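Remarks on the structure that follows.
Each reported figure results from applying straightforward, stated rules to the coordinates on display, with no laboratory input. Keep in mind that what you see is a predicted model, and the values were worked out from it rather than measured. Every residue, glycine as well, gets a Cβ built from its backbone with ideal geometry; the counts of neighbours run over all protein chains shown.
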Amino acid sequence: MLYEDKLTFRRYMSIPSQNASKKMRPPKSAGKQAAATETAAGSVGKAPQRRRGKERVANLLAAAVEVFAEKGFDAATMTEIAAKAGASIGSLYQFFPTKDVLAAALHQVNGEALSAMLDDLARETAGLSPVRVADRLFASLSQFLAGHPAFVVLIDRRDPDHAAKAARRRKLRQQVAELLQRTTPPLAPGRAEAMAVIILHVMKAAMTITSENDLVNGPAALDELRAMLRSHLEQAAKG
């Protein structure tokens with residue numbers, strides 16, 4: 001099944017390779033990431049006060065994104081991240097004393113960006129059918145993953161702060177449920193909350209399938225996954 005504009009689900013869910021560039025370059029959002037994580041860095045390390053320090057944090061975060069996305073959280077090392085950023089290991093530890101602190105800071109930024117994306121989507125899709133909202137949600141998620149390539153890796157890591165992780169998960173479910181309650185026809189609150197749980201797990205499954213680059217029938221599997229969700233939403237909209 002295809003989108004109205006004939007773009008396949010595979011294209012929406014594709015995650016760009018992190019090996020395309022030999023030289024590490026900070027993403028366009030690196031400056032925003034640095035600003036958003038100054039507090040996290042300063043809580044246990046040294047918070048950057050001057051422009052040079054903030055630029056250094058931005059480079060370290062950009063390097064962490066590349067290394068985490070390429071090697072995964074467990075295999076990534078602080079030494080590799082510092083080298084990718086062209087910084088000393090001491091400079092990295094100055095702002096992020098442990099790999100967990102660095103990952104938590106990045107995941108916090110990613111979570112805030114995802115939440116903002118869902119807020120924008122809520123304004124843009126109010127009044128659309130549940131199926132069209134789901135289509136837009138998957139399309140927006142693809143764009144989000146392209147801009148936050150380490151998101152899939154960090155979302156599956158064991159977060160020592162279980163309370164914060166649970167709070168982020170509840171917020172995402174609430175936002176998706178609210179999307180479905182503003183559709184035409186709207187889903188009842190209880191049904192929308194249940195569907196929000198299902199949608200987030202379907203989206204996570206889609207990310208996992210897409211990350212398996214050697215999966216020959218991956219595109220077909222993604223289309224089937226999306227078709228299943230569309231069919232279930234159509235039935236849910238009928239009450």
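The table that follows gives values for the structure above.
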| item | result |
| --- | --- |
| Calculated FRET efficiency for the pair residue 83/residue 51, C-beta based, R₀ 22 Å, to 0.05 | 0.40 |
| Förster radius 25 Å - calculated FRET efficiency between residue 198 and residue 161 (Cβ-Cβ, nearest 0.05) | 0.45 |
| Residue exposure sequence - 55, 124 - by fewest surrounding Cβ within 10 Å | 124, 55 |
| Segment 103-237: C-alpha gyration tensor shape, a/c 1.5 cut-off, then a/b vs b/c | oblate |
| Computed FRET value (nearest 0.05) for residue 184 with residue 228, which takes r as the C-beta separation and R₀ as 22 Å | 0.50 |
| Inter-label distance for residue 122 and residue 100, nm, one decimal - labels placed 7 Å from Cα along Cα-to-Cβ | 3.2 nm |
| Partner aspartates and glutamates for residue 165 [C-alpha distance under 14 Å; skip if fewer than 8 residues away on the same chain] | 100, 112, 156 |
| Hits among aspartates and glutamates - C-alpha to C-alpha of residue 71 under 13 Å, sequence gap 8 or more where chains match | 80 |
